[in-house]
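Here the structure is laid out as structure tokens; the discussion comes afterwards.
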Amino acid sequence: MSEWKRICAVSDVPVLGSRVVHSEDEGRIALFRNSADQVFAVRDRCPHKGGPLSQGLVHGTTVTCPLHSWKIQLDDGQVVPPDVGCVKPFPVKVENGEVFLSL
Amino acid sequence: MRKQKLVMVGNGMAGVRTLEELRKIAPDMYDITVFGAEPHPNYNRILLSPVLAGEMTIQDIILNDLQWYADNEITLHLGARVTQIDRKKRSVVATGKDGEPITVDYDRLLLATGSTPFMPPIPGKDLPGVISYRDIKDTDEMIDAAAKYQHAVVIGAGLLGLEAANGLALRGMDVTVVHISDWIMERQLDRTAGKMLQAALEAKGMKFKLNAQTAELVQGESGRVGAIKFKDGDSLPADLVCIAAGIRPNVELAEKSGIHCNRGIVVSDTLQTYDPRVYAVGECANHRGTAYGLVAPLFEQAKVAANHLAEMGIGRYEGSVTSTKLKVTGIDVFSAGDFSGAEGTEDIVLHDPGVGIYKRLVLKDDKLVGAVLYGDTKDGAWYFQLLKDEQDIRDIRDNLVFGNSHLGDVGHKGNSLAASMPDTAEVCGCNGVCKGTIVKAIKEQGLFTLEDVRKHTKASSSCGSCTGLVEQILASTIGGAYQPADSNNKAVCGCTDHSHGEVRKAIRDNKLLSVADTQKFLAWKTPNGCATCRPALNYYCLSTWPHEAIDDPQSRFINERAHANIQKDGTYSVVPRMWGGLTTPDELRAIADAAEKYKVPTVKVTGGQRIDLLGVKKEDLPAMWEDFAKAGMCSGHAYGKSLRTVKTCVGAEHCRFGTQRSMDLGVKLEKMLFGMWSPHKVKLAVSGCPRNCAESGIKDVGVIGVDSGYELYIGGNGGIKTEVAQFFCKVKDDAEVMEYGGAFIQLYREEGFYLERTCHYLERVGMEHIKKRVLEDEANRKALYEKLLFALQNYKDPWAEIFEDKSGGIHKRQFEIIKV
Ligand code: SRM
Ligand SMILES: Cc1cc2nc3c(=O)[nH]c(=O)nc-3n(C[C@H](O)[C@H](O)[C@H](O)COP(=O)(O)OP(=O)(O)OC[C@H]3O[C@@H](n4cnc5c(N)ncnc54)[C@H](O)[C@@H]3O)c2cc1C
Ligand code: SF4
Ligand code: FES
């Protein structure tokens, strides 16, 4: 079923920034890299009103949505309280500086 | 590593708040044990008054339930009074609720023992039925007595006494308030306001006996108190006597263990006692000679104490200015600061006994130092803010007493509607939050600060225009417990305790050149800050060290990162610059071509005299920009905290009334300021004559041509709260407009706080300050102007930077989608 797909090099994603990945089956996925070089992937749709999370500001392991500033945890897709909701996280792994997504 | 042990004595509002603050910044540092003499978890003592009045229940006022202590792994001993501290062995001994001793060691000890009610040495004060008003037990006893007996006497007409009397009266008792002075609340109110308040309370059924000295409380037949006798020979029946004659810091335990006390446990600015392992916060502490009796200062102390316990060591407590508000429903009394009428003070008084309004403002050296309001207190929070900020009120003095709403809207500080609003009225238009929801959250969740309210209700968390209103709702809901942050010293955000001013200073003094360096230098509490502080830091570095600081695109909002405005559906809008609102057939053709080529769904003329292409896909942006560049067009910065537009009218070039060439000057100004980053967006306008068709009166810098030159206006705003620009100066020609206007803008760039428009900056620093630096000091004006020009040198169109990046650098790649 799901398989690991090579996406890009870690260095293709800006530190504290993101890239948008488009998958046939899953649509837009936001790929993030934080200051500790951890890489995360979640669906690029804010649970609030569908804002593109990839365009938000990354801090710690969280992204702030660019539209109305909800905060979303990147590791599990949970929205930081007091707001509620979640977004689908995708498994990611990094091997030899390459990012793989399980789709 | 062994965790350190923290023991807290006193499970009240100040102590538990300290633990909450500590949990936020150093969650795992201590093993915590808490002793509370009362059998209840931490509750909101302030709200005992509404409980007595029957407006709330005990359940409503619990702030931290037992689950909270469990969740935070705090060992809690309720009904356990600490009787001894052994500072050599570093342990405390308490008597548990079953009488068994409990001994616990500490590394650090926090004393938060509150106050004890003062009981004057009146014969009979120990009779059953004679109580004070301090805790749940007292409140229960009063509720109980009200159900059984008829006559109540309250001794002391301060806040507490009047709230007790009001509650007892509402519960059907016949209440007389006995007071030693010749008017009530004499410490908070002057005589006039005191008399008005008395009349209003009498109308609610309370009786008063003033100038009264109690001789004795007399035992009745039941063995309980039965009457009160006065020195003048009078007496009154009394089945319940509530003594509210003041409070004394509870220092018994500290004194016994040899800790220095003097009207309170004496503490330093870090809330440490003379034994540095022992801290004291709350009503039991005496800081710089003052022991506070209201919660707002205690919360500030809690923050600093927690900070020190967490070994961050940056916070200092420097004392508080307090305000009080009587919590008797239907009666509004507010007082703040010093209104004793000391030397060098002046009074402004408005007194209308007909409608029951009294306002007295005390001024000293053009600053507000005290305020008493009766009847109409909706401006209380505003006066309190002026007082705390020590704002110069010279310019608004003639209208000051009529309140904030009378001055016109002063930007984000709100317009005093809170008290009169119905619960269904919408307060926050962005998030659709109404007043009732906010009040409910404040009461039920025990919220005390604007931040709390933002977190729990979302109100005021978006555009911020309702901030003032929310602050007033807070103030009117929790009364004296509300402490507005000093607007000049508010922390930037939860990632730091430093204010904008402190951060700016650190960047300047220590030549900090990047967001990361600044965060490191100032010991930021979070790894990368957040969406609030990072853009601010990035701006501060760039504006302080032009050409040297390192711009961090990831610390900019998406609009500035993508050089276009994000739309609700994730597409972008593109606004090419049209200098001074002028365009050409070629430019219009290029726009039309681009709109067709990139299938732009909407083309709109903006309010800023140019054309917006809305709904462009992010992937198409670089190519579209390249097409525009070929037609000689560049970024309009419709997206940035930067120069937006310079609006112009046709002016002397064509208009029959025009006195000056406004289009010409507008283009010059826009070219001069191209690429300028600022605390918030900056808009200019140039009109050719006083008919002012370019609307110069609501711009950050507005220019109006007159026969002999130009008039300059600053600090206008046409946005969330319309603010008319203030006259700044008159100049003779285009060069002077550029120099004077440019110098003002540079001053704002250097001193403004991030997201502060010029109108808010002007309100904060005052027109005098700006005139001194720009008009009166020629050398400084020229220096400012030069610094502005230097900062803007060699600025390159950001659109060109991106599409010309043939190497496909990482910032260009943000526009590309990875397909899998
Ligand atoms: C396009 C435009 C409306 C239009 O179709 O006419 C517009 C659109 C937006 N305005 Fe505006 N404003 C536009 C003229 C104005 C004006 C009128 C003017 O400039 O003459 C004002 C009032 C004047 C003023 O600013 O003092 C105005 C006051 C605001 C405010 C409130 C600012 C304030 O300090 O109170 C905001 C919110 C903000 O900036 O935080 C805002 C924010 C916005 C944003 C950027 C909202 C956002 O953050 O996404 C809108 C972007 C829409 C988009 O996606 O393109 N817009 N906005 C106008 C662009 C002008 C231009 O060419 O650059
Ligand atoms: C009826 C009423 C109305 C008020 N209204 C307002 C208002 O409108 N606005 C305002 O700002 N303030 C108001 N206050 C004052 C406010 O409640 C206090 O300033 C605040 O509660 C003080 O907090 P604290 O933690 O210092 O003391 P407390 O909250 O009194 O806590 C101290 C705790 O320590 C316990 N303790 C003492 N000694 C020991 C010991 N040896 N061992 C174990 N435990 C011990 C006490 O039992 C008590 O529970 C009001 C007070 C009352 C009583
Ligand atoms: S364009 Fe301006 S006024 Fe219109 S919806 Fe957007 S922010 Fe509000
Ligand atoms: S769409 Fe993300 S916060 Fe509203």
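Look at region A:47-72 and say how many of its residues are within 14 Å of ligand 1 (Cβ to nearest atom), in contact with a His (Cβ under 9 Å, 6 or more places away or on another chain) and open to solvent by 30 Å² or more (accessible area, probe 1.4 Å).
The total comes to 3.
Return the pair list, or none, for Cβ contacts closer than 6 Å from residues in region A:11-26 that are more than 7 Å from chain B (Cβ to nearest Cβ) to residues that are part of a helix (DSSP H, G or I) and buried (at least 16 other Cβ atoms within 10 Å of the Cβ), at least 6 apart or on different chains.
So the pair list comes out as A:Ser18/A:Ser54.
Here is a list of conditions, (1) modelled with pLDDT under 95; (2) surrounded by fewer than 19 Cβ atoms within 10 Å (Cβ to Cβ); (3) over 20 Å from B:Ile314 (Cα atoms), and B:Phe521 meets all of them except one; can you say which number that is?
(3)
Given the criterion in contact (Cβ under 8 Å) with a residue 12 or more places away in the chain and of a type outside the set (D, E, K, R), identify the matching residue among B:Ala783, B:Ala779, B:Ala743, B:Ala735. Break it down into steps so the answer makes sense when it comes.
Values: B:Ala783 fails: in contact (Cβ under 8 Å) with a residue 12 or more places away in the chain; B:Ala779 fails: in contact (Cβ under 8 Å) with a residue 12 or more places away in the chain; B:Ala735 fails: in contact (Cβ under 8 Å) with a residue 12 or more places away in the chain.
Unique residue meeting the criteria: B:Ala743.
Can you name every one of the strands (runs of 3 or more DSSP E) wholly within region B:682-754 that holds 1 or more residues which are open to solvent by less than 10 Å² (accessible area, probe 1.4 Å) and within 30 Å of B:Ala491 (Cα to Cα)?
B:682-687, B:701-706, B:709-714
Counting only residues that are over 20 Å from B:Ala516 (Cα atoms), more than 10 Å from chain B (Cβ to nearest Cβ) and not hydrophobic (A, V, I, L, M, F, W, C), how many does region A:31-48 have?
So the count comes out to 3.
I want to confirm something. Restricting to region A:49-78 and keeping residues that are more than 11 Å from chain B (Cβ to nearest Cβ) and within 24 Å of B:Ala536 (Cβ to Cβ), which single residue is farthest from ligand 2 (Cβ to nearest atom)? I'd like the intermediate steps shown before the answer.
Quick first cut of region A:49-78, residues more than 11 Å from chain B (Cβ to nearest Cβ) only: A:72-78.
Keeping just the survivors that are within 24 Å of B:Ala536 (Cβ to Cβ) gives A:72-74.
Values: A:Ile72: 37, A:Gln73: 35, A:Leu74: 39 Å.
Among those residues, the one meeting the criterion is A:Leu74.
For the list (1) in contact with a strand residue (DSSP E or B) (Cβ under 9 Å, 6 or more places away or on another chain); (2) modelled with pLDDT under 80, I need the number of the one condition that B:Val433 fails.
(2)
Which numbered condition trips up B:Leu197, out of (1) over 30 Å from B:Asp352 (Cα atoms); (2) at pLDDT below 95?
Single failed check for B:Leu197: (1).
Taking region B:15-39 as the search range and keeping residues that are part of a helix (DSSP H, G or I) and at pLDDT below 95, which one is nearest to ligand 4 (Cβ to nearest atom)? Spell out the reasoning first.
The initial filter retains those residues of region B:15-39 that are part of a helix (DSSP H, G or I), namely B:15-25.
With at pLDDT below 95 added as a condition, the list becomes B:17, B:20-25.
Values: B:Arg17: 31, B:Glu20: 27, B:Glu21: 28, B:Leu22: 31, B:Arg23: 27, B:Lys24: 24, B:Ile25: 27 Å.
Of everything passing the filter in region B:15-39, B:Lys24 is nearest to ligand 4 (Cβ to nearest atom).
Cβ-Cβ under 9 Å, sequence separation 6+ or interchain: first residue in region B:316-333 and free of Cβ contacts under 8 Å to residues at least 40 places away in the same chain, partner in a strand (DSSP E or B) and not basic (Lys, Arg). Which pairs?
Between residues of region B:316-333 that are free of Cβ contacts under 8 Å to residues at least 40 places away in the same chain and residues that are in a strand (DSSP E or B) and not basic (Lys, Arg), the close pairs are B:Gly319/B:His287; B:Gly319/B:Thr290.
I need a count of the residues in region B:365-383 that are out of contact with any Ser or Thr (no Cβ under 9 Å at 6 or more places or on another chain), open to solvent by 30 Å² or more (accessible area, probe 1.4 Å) and not charged (D, E, K, R).
1
What do you reckon, is B:Arg504 away from chain A (no Cβ under 14 Å), away from ligand 4 (no atom under 16 Å from the Cβ), farther than 24 Å from B:Asn794 by Cα and of a type in the set (Lys, Arg)? So that I can check it myself, show each step before the final result.
On the way: away from chain A (no Cβ under 14 Å): yes; away from ligand 4 (no atom under 16 Å from the Cβ): yes; farther than 24 Å from B:Asn794 by Cα: yes; of a type in the set (Lys, Arg): yes.
Yes.
Taking only pairs six or more apart or across chains, which ones have beta-carbon atoms under 9 Å, a first residue in region B:618-641 that is free of Cβ contacts under 8 Å to residues at least 24 places away in the same chain, and a second residue that is crowded, with 23+ Cβ neighbours inside 10 Å?
Qualifying pairs under 9 Å: B:Asp620/B:Tyr572.
Quick check, is B:Gly220 more than 30 Å from B:Tyr30 (Cα to Cα), surrounded by fewer than 19 Cβ atoms within 10 Å (Cβ to Cβ) and either at pLDDT 90 or above or under 25 Å from the mean Cα position of the chain (by Cα) (or both)? Can you show your working first?
Details: more than 30 Å from B:Tyr30 (Cα to Cα): yes; surrounded by fewer than 19 Cβ atoms within 10 Å (Cβ to Cβ): yes; either at pLDDT 90 or above or under 25 Å from the mean Cα position of the chain (by Cα) (or both): yes.
So B:Gly220 passes the test.
Could you check how many residues of region B:783-820 are surrounded by fewer than 17 Cβ atoms within 10 Å (Cβ to Cβ), among the aliphatic types (A, V, I, L, M) and more than 14 Å from every other protein chain (Cβ to nearest Cβ)?
Count: 3.
Scan region B:527-540 and give yes if some residue there is open to solvent by 10 Å² or more (accessible area, probe 1.4 Å), within 16 Å of ligand 4 (Cβ to nearest atom) and either β-branched (Val, Ile, Thr) or over 33 Å from the mean Cα position of the chain (by Cα) (or both), otherwise no.
Yes, region B:527-540 has at least one match.
Looking at B:Leu447, B:Leu400, B:Leu417 in this structure, which one is in contact with a Leu (Cβ under 8 Å, 6 or more places away or on another chain), at pLDDT below 80 and not basic (Lys, Arg)? Even if it seems obvious, please write down each step before you answer.
Details: B:Leu447 fails: at pLDDT below 80; B:Leu400 fails: at pLDDT below 80.
Matching residue, one of B:Leu447, B:Leu400, B:Leu417: B:Leu417.
Among the helices (runs of 4 or more DSSP H) contained in region B:48-153, which hold 3 or more residues that are open to solvent by 40 Å² or more (accessible area, probe 1.4 Å) and either within 16 Å of ligand 1 (Cβ to nearest atom) or not aliphatic (A, V, I, L, M) (or both)?
Numbers: elements: B:48-52, B:58-61, B:66-71, B:136-148.
Answer list for region B:48-153: B:66-71, B:136-148.
Just give me the residues in region B:447-456 being surrounded by fewer than 24 Cβ atoms within 10 Å (Cβ to Cβ) and of a type in the set (Val, Ile, Thr), in sequence order. Before you say what the answer is, go through the steps one by one.
Kept after step one, since they are surrounded by fewer than 24 Cβ atoms within 10 Å (Cβ to Cβ), are these residues of region B:447-456: B:447-452, B:454-456.
Scanning region B:447-456 gives a single hit, B:Thr449.
Kindly indicate the residue of region A:21-46 that is more than 18 Å from A:Ser69 (Cα to Cα) and open to solvent by 50 Å² or more (accessible area, probe 1.4 Å) and also nearest to ligand 4 (Cβ to nearest atom) among those meeting that condition.
A:Arg28
Within region B:636-651, identify whether any single residue is more than 16 Å from ligand 2 (Cβ to nearest atom), assigned to a helix (DSSP H, G or I), more than 25 Å from B:Lys796 (Cβ to Cβ) and not charged (D, E, K, R), and answer yes or no.
At the first step, the residues of region B:636-651 found to be more than 16 Å from ligand 2 (Cβ to nearest atom) are B:636-651.
Subsequent filtering for residues that are assigned to a helix (DSSP H, G or I) retains B:651.
Now restrict to residues that are more than 25 Å from B:Lys796 (Cβ to Cβ): B:651.
This time we only want the ones that are not charged (D, E, K, R), so: B:651.
Scanning region B:636-651, I find at least one residue that is more than 16 Å from ligand 2 (Cβ to nearest atom), assigned to a helix (DSSP H, G or I), more than 25 Å from B:Lys796 (Cβ to Cβ) and not charged (D, E, K, R), so the answer is yes.
Could you grab me the full set of residues in region B:252-274 that are touching a His at 6+ places or on another chain (Cβ under 9 Å) and within 12 Å of B:Leu111 (Cα to Cα)? It would help to see each step written out before you state the result.
Of all residues in region B:252-274, those touching a His at 6+ places or on another chain (Cβ under 9 Å) come to B:254, B:264, B:266-274.
Those that are touching a His at 6+ places or on another chain (Cβ under 9 Å) and within 12 Å of B:Leu111 (Cα to Cα): B:Ala254, B:Gly264, B:Val266, B:Val267, B:Leu271, B:Gln272, B:Thr273.
State all residues of region B:144-165 that are away from ligand 2 (no atom under 13 Å from the Cβ), farther than 15 Å from B:Pro117 by Cα and aliphatic (A, V, I, L, M); if no residue qualifies, say none. Explain how you work it out, then say what you get.
Our first condition is that a residue be away from ligand 2 (no atom under 13 Å from the Cβ); within region B:144-165, this holds for B:144-153, B:155, B:157.
Still in the running and farther than 15 Å from B:Pro117 by Cα: B:144-153.
Answer for region B:144-165, where residues must be away from ligand 2 (no atom under 13 Å from the Cβ), farther than 15 Å from B:Pro117 by Cα and aliphatic (A, V, I, L, M): B:Ala145, B:Ala146, B:Ala147, B:Ala152, B:Val153.
The values are calculated or read from the model by the stated rules, or taken from the named source; none is laboratory data. What you are looking at is a predicted structure, and each value in this text was computed from that prediction instead of being measured. All Cβ positions, even for glycine, are placed from backbone atoms using ideal geometry, and neighbour counts span all protein chains on display. Surface accessibility is based on the protein's heavy atoms, side chains included, excluding ligands, DNA and RNA. Shrake-Rupley method; radii C 1.70, N 1.55, O 1.52, S 1.80 Å.
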